[in-house]
Amino acid sequence: MAQEIKVPDIGDFDAVEVIEVLVAEGDEVDKEQALITLESDKATLEVPSTVAGRITELKVTEGDTVSEGSVIALIEAADSGDDEAEDAADDKAESSGRKKDTGKKKSEEKSQSSSKKPQKESKESDKPKSGGSGQPRPGAHDYDCDVLVLGSGPGGYSAAFRAADLGLNVALVERHSVLGGVCLNVGCIPSKALLHSAKVIDDAAAMAEHGVSFGEPKIELPKLLEFKQSVIDKLTGGLKSMAAKREVQVVNGNGTFKDDHTLTVEGGDDTREISFANCIIAVGSEPVMLPDWPEDERIWDSEAALSPDELPKSLLVVGGGIIGMELANVYASHGTKVDVVEMTPNLLPGADRDLVKPLEKRMKARCDNLWTNTKVTGLKANKKALKASFEGKDAPASKDYDRVLVAVGRKPNGPKIGADNAGVQVGDKGFIAVDKQCRTNVDHIFAIGDVSGEPQLAHRATHQGKVAAECCAGEKSAFDAKCIPSVVYTDPEVAWTGVTETQAKEDGTEYDKGAFPWAASGRALGMGYSEGTTKILFDKETGRAIGAGAVGPGAGELIAELGLAIEMGADAHDIGLTVHPHPTLSETVGMAAEAQAGTLTDLYMPKQKK
C-alpha cells in the first residue's frame, strides 16, 4: 500500500516554494534521498524520503507552494526483508547517541524550551554516548550529548550547526526564547536596518543639489520598528528551521556549570541538568553602564536605543566608538538633535585618522556637536530632562537632554556562568583565555566570541565556533586568522583590517603604501561621493599586503577582498593584475595596489625613487 510523504517541520515558514522536483514517478529511491527542493527567505531546503521504495505519484510540481504536513508524493515502500535485523539496527543507532534527545528533567512541568524535550530518565542502552574528543569522567562514560553549546549568537549557532553536520549529538542552550543572541535580536542586524533607513533619508536629501527634490520625510516610528522586527524574525525563524533540520536540541533557560561535565539550566519553573562530553561557551557580552549614574529609563544602553518608544528631540551619545557613531547617525538622520562626547582625542579610537576624517566631517554636519577630549562628569535625572555635566575645552558646563545613550563598550559574560564550578579560569575583566583551538584551560571546554577576548566581533565568533566544533569532532582545526576586519556602518562607512598605519608606526614596522582617492573614481563621482579613499599597506621587505582600509559608501564590502589579499600573502602586482569590473568601487582596490606597483594610469604618480 502506498504511503504518503509529507513536508516535515520547517520552522515558522509557511507557503514555501518548490523550486526543483528531483525525482519522477516510477523512480526507485533510497531512504533519506532528496525528493524536492524548497526555497525560503533564509535557506534552500531539501525534503527527503522517509522510506526506501518506488514513487507511484507526485503531488507537487515546480512553482507550487507547500507547508508543514503537505503531501508531496506517494511511495510504495520496499520490502524490509528482515524486520528483526532492521529493528536491531535502529536500536544500535539509538544507543550510539547520534541525534538523540538531551537532558534530564528535574521538573514535572512541561518546558517551553524545545519541541524535542530532554528525557527525564533513559535506559542504559538508550543513553546517548559521547562521540567527541573530550575525556569522559572516570566510571561515567555516558553523556546526554556530545557537544553542549551555551549561547546561540552567531558563534554559538555556527558551532552547534557545524558540530551537528559532523555527526555529533548537539544541545544548544539559549536564555532567550529565540535564537540569534545579541547580534540578530538587539545588535548588529536591527541597527543595520535602522541605518538603512537613515541612509535613504540622507541620500534623498542630498539629491536636491542635483535637481531631484523630495518633501520632508514623515517618520512613522511604529512602522519603522515593524520593518526592523521583520528582518529579525526572518533570520531567527531561519535559525529555528535549520536547528530542527539538523536535529539540534534547543533548550531555553539560563545555563550555569554544575561541574566540568554538567550544565544546570533554569527556565521559568523548570530546572534540568544536561551532561556533556564537550562544551562550547558562547555567552557573548553585555553593554557597559557607567557607575554612580541614576537608574532611569531615559538612560539607554545600545539595546534600548534600538527599540525606542519615541524619537527624542535631543540625545547625548556618550562614547565615540563604533556603536556610538552608528546610533548617532541613526538618530541624527531621523531628526533628533544629537551631541557626541568622546574622552579620547579622536573618534573611532583604533582606526587611522585618514579613514576617520571623512566620517567626522559628515557627522559634524549631521550632529549638533562632536566633543572629543571631553568627559561626562555627572548626570542628574530631573523630572523634565537629564542634565549632563561636562569637562572639556569646547563642551558647556552642563546641558539638558531627553535621552542619554551610554556607548562606552561591552563587557564579557564570563563571570555569569559558574565557570569556576567547571574549573574554567575567568580573567579579571571577565574574558576566558583560549588557545588556537579555542580550548580553555579545561581540555574539553571551549570558549568563542566576545567572551574569549578581543576583537568582540560576530564574524570572529562565527569562525571560532566552527573551529571549536571541528575540534570536538576530533578534527585538526585551529583559528589562525592573519586579519579580522572591522567595519563602521555609518554613512560613509569606515573599514579596516590587518595592520593599521598607526600600529605600524608604533611598532616600528617598515611598510610601503598604495592609496587611491575616490575623487578619481567614476563610480564614486556618479554616486555623489568623492571624499573616500582606499589604501593598502605592504611589508617593505617582502612586498606582501599586511593591512588595508577604506572609507566611503560600501567600504565594508571592499574590505573582504583586502582581507583575502592579506591571508593569501598577495603583493601589489597580484592585486593590481586582478581584473576588476569597471566602473565599480572595487576598482579602487586594484588601483591602490597599482599605485604602489608603479603601474597606475588613472592618476599621475611621480616616479618613485629607487
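The values are calculated or read from the model by the stated rules, or taken from the named source; none is laboratory data. On a predicted model such as this, the values are computed, not experimentally measured, just so you know. Here the Cβ positions follow ideal geometry from the backbone for every residue, glycine too, while neighbour counts run over all protein chains shown. Note: accessible area is taken over every heavy atom of the protein model, side chains too, but ligands, DNA and RNA are not part of it. Shrake-Rupley method; radii C 1.70, N 1.55, O 1.52, S 1.80 Å.
Gain on full extension, evaluated as 0.36 nm per residue between ALA560 and GLU39 minus their Cα-Cα distance, stands at 184.8 nm. Inter-label distance, GLU32 to MET568: 3.6 nm, where each label sits 7 Å from its Cα along the C-beta direction. In a DSSP loop and with at most 15 other Cβ atoms within 10 Å, the trypsin sites (Lys or Arg not before Pro) in segment 429-459 are LYS429, LYS436.
Exposure here means at most 11 other Cβ atoms within 10 Å; with chymotrypsin sites (Phe, Trp or Tyr not before Pro) in a DSSP loop as sites, the longest stretch of the chain lacking them is 215-603. Along the axis of the charge dipole computed for the chain (Cβ charges of +1 for Lys and Arg, -1 for Asp and Glu, origin at the Cα centre), the listed residues VAL318, GLY528, ALA193 are led at the positive end by VAL318. Scanning the chain for cysteines with no neighbouring cysteine C-beta under 4.7 angstrom from their C-beta gives CYS145, CYS279, CYS367, CYS438, CYS471, CYS472, CYS483.
For segment 225-317, applying the loop criterion from DSSP together with a ceiling of 15 other beta carbons within 10 Å to the GluC sites (Glu not before Pro) yields GLU247, GLU295, GLU297, GLU310.
Of the GluC sites (Glu not before Pro) found in segment 524-574, those in coil by DSSP whose Cβ has at most 14 other Cβ atoms within 10 Å are GLU541. Label positions at LYS361 and LYS476, each projected 7 Å from the Cα along the C-beta direction, are separated by 5.2 nm.
You can think of it this way: the chain between THR509 and LYS375 has 44.9 nm of extra reach, that is 0.36 nm per residue less the Cα-Cα gap. Averaging Cα coordinates gives a centre for segment 517-544 and one for segment 249-270; these two points are 50 Å apart. Between 0 and 90 degrees, rounded to the nearest ten: what's the tilt of helix 83-95 against the longest Cα principal axis of the chain? The two axes meet at around 40 degrees.
Please work out the FRET efficiency for the pair VAL288 and GLN229, using the Cβ-Cβ distance as r and a Förster radius of 22 Å; give the result to the nearest 0.05. Provide the component values of the computation, followed by the final result.
Working: r = 26 Å, r/R0 = 1.18.
Rounded to the nearest 0.05, the efficiency is 0.25.
Close Lys pairs in segment 465-550 (alpha-carbon distance under 26 Å; sequence gap of 8 or more, or different chains): 11. Estimated from helical segments only, the mean residue ellipticity of the chain at 222 nm is -8000 deg cm²/dmol, where each DSSP H run of four or more residues counts as -39500 (n - 2.57). Across the chain, C-alpha contacts under 8 Å between residues 6 or more apart give a mean separation that, scaled by the residue count, equals a relative contact order of 11 percent.
Taking 0.36 nm per residue of sequence separation and subtracting the Cα-Cα distance, how much length would be gained by fully extending the chain between GLN3 and THR56, in nm to one decimal? All intermediate terms of the calculation are to be shown ahead of the outcome.
Working: separation 53, 0.36 × 53 = 19.08 nm, distance 0.95 nm.
Taking 0.36 nm per residue and subtracting the Cα distance, the gain is 18.1 nm.
Please find the FRET efficiency linking GLU46 to ASP394, where r is the Cβ-Cβ separation and R0 is fixed at 60 Å, and quote it to the nearest 0.05.
Rounded to the nearest 0.05, the efficiency is 0.50.
A 1.4 Å probe, protein heavy atoms only, puts the accessible area of ILE219 near 60 Å². Treating r as the C-beta distance of LYS337 and GLU20 and R0 as 56 Å, the FRET efficiency rounds to 0.55. The residues of segment 288-409 expose on average 47 square angstrom of accessible surface per residue, using a 1.4 Å probe on protein heavy atoms.
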